[in-house]
Amino acid sequence: MSDDLTALTIKDASRLLRLGTISAADLVAAHVERIERVDPHVKAYLRFTPELWEKQADEADRKIRQGDAPPLAGIPLAVKDVLCVRGVETTAGSQILKGFRPPYTGTAVGRLFEAGAVMLGVTNCDEFAMGSSTENSGYFPTRNPWDLERVPGGSSGGSAAAVAAGEAMIALGTDTGGSIRQPAALCGVVGMKPTYGRVSRYGLIAFASSLDQVGPFARSVDDAAITLALMSGYDPLDATSSDRPGMEVLNNSEGGVKGMRLGVPREYYDVKGIEPGVKAAIDAALFILRREGAEIVDISLPHTDYGLAAYYIIAPAECSSNLARFDGVRYGLSEVDAPNITDEYLQTRRKGFGTEVRRRVMLGTYALSSGYYDAYYLKAQKVRTLIKRDFDDAFKKCDAIVSATSPTVAFPIGAKTQDPLSMYLCDVLTLGGNLAGLPGISVPCGTSEGLPVGLQVLGPQWGESVVLRVARAYEAASEMRAEVASVV
Amino acid sequence: MPLSKDEVRHVAMLARLGLEPGDEDFYADQLSGILEHIDRLQQVDTDDIPPTAQVVEIASRLRDDEPRPSLTQEEALANAPASVDGFFRVPAIQEET
């Protein structure tokens, strides 16, 4: 019975809750039992929030009894360790924030709480969301529930693994270069990155502010869609949040792909390093979409080869600025007894930051430093314009873009840790969407060598409904469901 | 363009990152490898291309300039590694005269 409760979707769980067949407390208990059994192997969570889940489940059960249950009443939620929750230790996967308890709750999480979600805990991630495998966590690596010797992807690997292993029904992640879509693909779940500005970034510990977006993980497109809709919309606390109504993401998001034009960028289809099994899975998906009435259109994104280079100037430049705040004075780790303020900074940041964070802070500092700004940062911003124009041109020829999410399936733990560039290449098919601010989703699309493959759908800015429509149509026609990994 | 050990030292100091023995060689090597890839940007003709800093067209707007509640002093200091008399404590930046 309890395993059945940890494999439900929001729709099915909500029906059982409203019928009174189960309570929110039952749902939490089933998840806690599942976590106790599988998380020692998967290690998706950094910490748990029993005070919150007890209070929130009680509240959900009370509202359900009264007949005014909000849309996510009783739904178990996991939250990536970069989203502040009042009073709950939030560390961005970093030792430098160990012990930090935010005095406020971020908007995206707060809105899901208002919608009745029940928070189970905080999920592991690469330090400051920098990485594609969750191996850069300052605490421990998370493992892929489908093969414990492999990575779950990253940086939101804990959230993806939690949903894939039945340790949460939905989870929140953040996506700066692919950090929701890539782990969703590698763990065989649905993960969605919204248009830049769709979801408030208030309460998100910033990595690269012009790229970061918060989004959901779920086991169905429906669940991802409703979760996204509920946390979207204008927030006076984030000047870059759009005033478009959040619920618009659901408008016309059903109805199939008949007559839609789906673009396949040849630079993505034949990207260097794509595994034959991944390509075969994408071919099968294109066959299904064509069978459903979509027209598959050959398109080109001519600046694809420069995307990674532009991204690895812009993201590190922004992170070097954002991470300047970790100075050991106001929060987190501190060497406050150093002999002078400069030594205090140097020692705090040496002890607190891991290798990848230091690498990116140095790269960004270099790109912004006197004499190099024009050659690197300004140049990268101009190339960003060209990449955005590539997508603008592409969307004149198609309604949405489809490709693999990741060129490879989940790789063995340790396989890419010695060569940073090989790790960065994990995001080669996703980071264009961040540079151009586009909405994108990854949905399960079969397996290769027994491991999940993800199909990415990208839409024009504010085109979440188009993305969801394609994803729903594919999910229904392919009968690919995000299943729960048995783990043990 | 390869990064020298001196440049690594310089950049680390700018970023206030303390280095450990061996770090200069390690980061000079790794950052040089990444910059070698990044140098392909120089192949792109961007003469008439404006830079993009903000990718979505959202008009800046200001909130009304009205007082509103904020964190209390206690809340603001709750995570402070060291505080004294309601202030954050840091090492002295000036010598006593």
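No lab work stands behind these numbers, since they all come straight from the coordinates. All of these numbers come straight from a predicted model, not from anything done at the bench. Glycine also receives a Cβ, built like all others from the backbone with ideal geometry; neighbour counts cover every protein chain displayed.
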- prompt: Long-range amide H contacts for A:GLY121: which residues qualify at under 5 Å (H placed 1.01 Å from N, peptide plane, sequence gap of 5 or more or a different chain)?
  reply: A:THR49, A:VAL79
message: Quick check on my link table: of A:LYS416/B:LYS5; A:LYS193/A:LYS388; A:LYS98/A:LYS351; A:LYS258/A:LYS397, which ones sit more than 21 Å apart, alpha carbon to alpha carbon?
response: A:LYS416/B:LYS5
- prompt: Out of residues 5 or more away from A:SER448 or on other chains, whose amide H comes under 5 Å of its own, with H placed 1.01 Å from N in the peptide plane?
  reply: A:VAL453
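About its Cα centre, what dipole magnitude does the protein assembly as shown give when the only charges are +1 on Lys and Arg Cβ and -1 on Asp and Glu Cβ, stated in debye to the nearest 20?
In debye, rounded to 20, the protein assembly as shown gives about 1000.
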- line: Karplus ³J(HN,Hα) for segment A:370-377 (6.51 cos²θ - 1.76 cosθ + 1.60, θ = phi - 60°; Hz, whole; x = Gly/Pro) runs 3, x, 10, 4, 5, 5, 10, 5
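For each of A:MET423, A:MET231, count neighbouring Cβ atoms within 10 Å of the residue's Cβ, then give the residues from fewest to most. Walk me through the intermediate numbers first.
Values: A:MET423 23, A:MET231 26.
Ordered by Cβ neighbours within 10 Å, fewest first: A:MET423, A:MET231.
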message: Bins of 10 Å, beginning at zero and ending with the bin holding the largest distance: percent of Cα pairs per bin for chain B, please.
response: 10, 18, 19, 26, 23, 4
- request: Compute the Rg/Rh shape ratio of chain A: radius of gyration over Kirkwood radius, all on alpha-carbon atoms.
  value: 0.95
message: Give the lysines whose C-alpha is closer than 23 Å to that of A:LYS55, dropping any in the same chain fewer than 8 places away, or say none.
response: A:LYS11, A:LYS63, A:LYS80
- prompt: Helix-derived [θ] at 222 nm for chain B: sum -39500 (n - 2.57) over DSSP H runs of at least 4, divide by residue count, nearest 500?
  reply: -9500 deg cm²/dmol
- request: Take the Cα coordinates of segment A:110-221, assign each an equal point scatterer, and use the Debye formula without solvent to give log10 I(q)/I(0) at q = 0.11, 0.18 Å⁻¹.
  value: -0.29, -0.81
- request: For segment A:359-488, list log₁₀ I(q)/I(0) at each q in 0.11, 0.14, 0.16, 0.18 Å⁻¹, using the Debye formula over Cα point scatterers of equal strength and ignoring solvent, two decimals each.
  value: -0.55, -0.82, -0.98, -1.11
- line: Here the relative contact order (percent) of chain A, from C-alpha pairs under 8 Å and at least 6 apart, is 18 percent
task: Would you mind ranking A:VAL163, A:VAL443 so that the residue whose beta carbon has the fewest other beta carbons within 10 Å leads the list?
output: A:VAL443, A:VAL163
task: Would you mind ranking A:SER442, A:SER132 so that the residue whose beta carbon has the fewest other beta carbons within 10 Å leads the list?
output: A:SER132, A:SER442
- request: Indicate, rounded to the nearest 5 percent, the antiparallel portion of the DSSP beta bridges found entirely in the protein assembly as shown.
  value: 65 percent
field: Reach of A:LYS43 by Cα under 18 Å, taken over aspartates and glutamates that are not fewer than 8 positions away in the same chain
entry: A:GLU33, A:ASP81, A:GLU89, A:ASP126, A:GLU127, A:GLU135, A:ASP147, A:GLU149, A:GLU167
message: Students often check this: by mean Cβ neighbours within 10 Å, which of A:457-469, A:23-35, A:48-60 ranks highest, and how do the rest follow?
response: A:457-469, A:23-35, A:48-60
statement: Dividing the surface of the Cα convex hull of segment A:29-187 by four yields a projected area in nm² of 8.6 nm²
message: Going Cα to Cα from A:LYS396, which aspartates and glutamates come in below 20 Å? Please leave out same-chain ones fewer than 8 positions away.
response: A:GLU267, A:GLU295, A:ASP298, A:GLU464, B:GLU57
query: Across segment A:129-142, in residue order, what do the Karplus-derived ³J(HN,Hα) couplings come to in whole Hz, using 6.51 cos²θ - 1.76 cosθ + 1.60 with θ = phi - 60° and x for Gly and Pro?
result: 6, 9, x, 10, 8, 6, 6, 7, 4, x, 10, 6, x, 8
statement: The whole-number value in µm²/s of the Stokes-Einstein translational diffusion coefficient for segment A:400-475, with Rh from the Kirkwood sum over alpha carbon pairs at 20 °C and 1.002 mPa s, is 160 µm²/s
message: For A:MET260, what residues show an amide H to amide H distance below 5 Å, using hydrogens built from the backbone and excluding near sequence neighbours?
response: A:GLU295
message: Using the Cα atoms of segment A:1-67, I'd like the radius of gyration and the largest Cα-Cα distance, Dmax, both in angstrom.
response: 12.6, 40
message: Can you tell me the mean projection area, over all orientations, of the convex hull of segment A:269-350's alpha carbons? Units nm², please.
response: 9.7 nm²
